Each structure stands twice: as structure tokens, then as C-alpha cells.
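Trainee: Just dropping this structure here.
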Amino acid sequence: MHQLTRRDDWRGRFAAEMDRQRRVGFAWGKQDCALGLVCGAVQAITGADLARGYRGKYRSPRAALKLLGDSGADNLGDFAALHLPEIHPSQARVGDLGILAAEGPIGEAFCIVDASGVIVMTEQGHGRLPRADMTRAFKVG
């Protein structure tokens, strides 16, 4: 499990990363909810590159599921728990990550908590959902 610390200037870095991501289209294994949205936010907030070792390892949902299984996780939430401390969704603060139920082969998606809800990755780019949609949450720093 990673012990992460937020940088003193994390709020500005986080905002800049979210702005950068809005201009990048969805791509499995590159700019998806895990490697793009969440790992980009975590790196901006803490400087830690949680995507190292996973970049380029999958390019489809099927390959992503295989990677999850190979890591010993049955789902995205269990995978996140291998790397970050789990907290109750009500305790999540801006920059923490969450898990949402989602349609599709994986059945879940990562999100990032912001001041007014959560940021999600969609085929069209960033989307927003209410915090209440989170089923699990994980502390980032």
C-alpha cells in the first residue's frame, strides 16, 4: 500500500490536471478512468505515479479485467484497496478517489471527488455525478 502525502500546492496542480484532461479523449489503457483520470489526479496531488507498471498493459476492457485478475483483485474497488487506504464515502474530500457502479464489462468505474460531486470519465471526456453515487472511497494523501 502506498503512503501518499499531498503537496503544499496540490489544489492548483489538481485543477491544472483536470483542465488538461478535459482536452484528451478517452482511450483504454491510456486516458480511461484508471490510468488517465485517477492516476493523473493522484500524481498531480502527491507526485506519486501509480500508473507506473500499468501503462501500456491493456487496450480493451477485456484486457483490463485480465490485469485486475492477475493483480489478485476481483473488481476496481478491491484493486484500489491494494494501493490506497479505504475510507467511508462520506469521509472523502476533494482529490480522493471513489468507485461507482457502471454499465459495461467491468461493472464499476473510478471517479475523483471534487467540491460539488465527483468527476467521471466518459467516452466524451469528463462528466459529473453526485457524491452519493460512490459505493467506496479511498484516501489520497
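Trainee: Of the conditions (1) closer than 22 Å to Ala101 by Cβ; (2) at pLDDT below 95, Arg59 fails just one. Which one is it?
Mentor: (1)
Trainee: Then there's this: Within region 21-34, track down each residue that is surrounded by 12 or more Cβ atoms within 10 Å (Cβ to Cβ) and either under 21 Å from Leu84 (Cβ atoms) or of a type outside the set (Val, Ile, Thr) (or both). Steps first, please.
Mentor: Kept after step one, since they are surrounded by 12 or more Cβ atoms within 10 Å (Cβ to Cβ), are these residues of region 21-34: 21, 24, 26, 28-34.
Passing the criteria: Gln21, Phe26, Trp28, Gly29, Lys30, Gln31, Asp32, Cys33, Ala34.
The values are calculated or read from the model by the stated rules, or taken from the named source; none is laboratory data. Quantities reported herein were computed from a predicted structural model and do not represent experimental measurements. For neighbour counting, all protein chains shown are included, and Cβ atoms are generated from backbone atoms with ideal geometry for every residue, glycine included.
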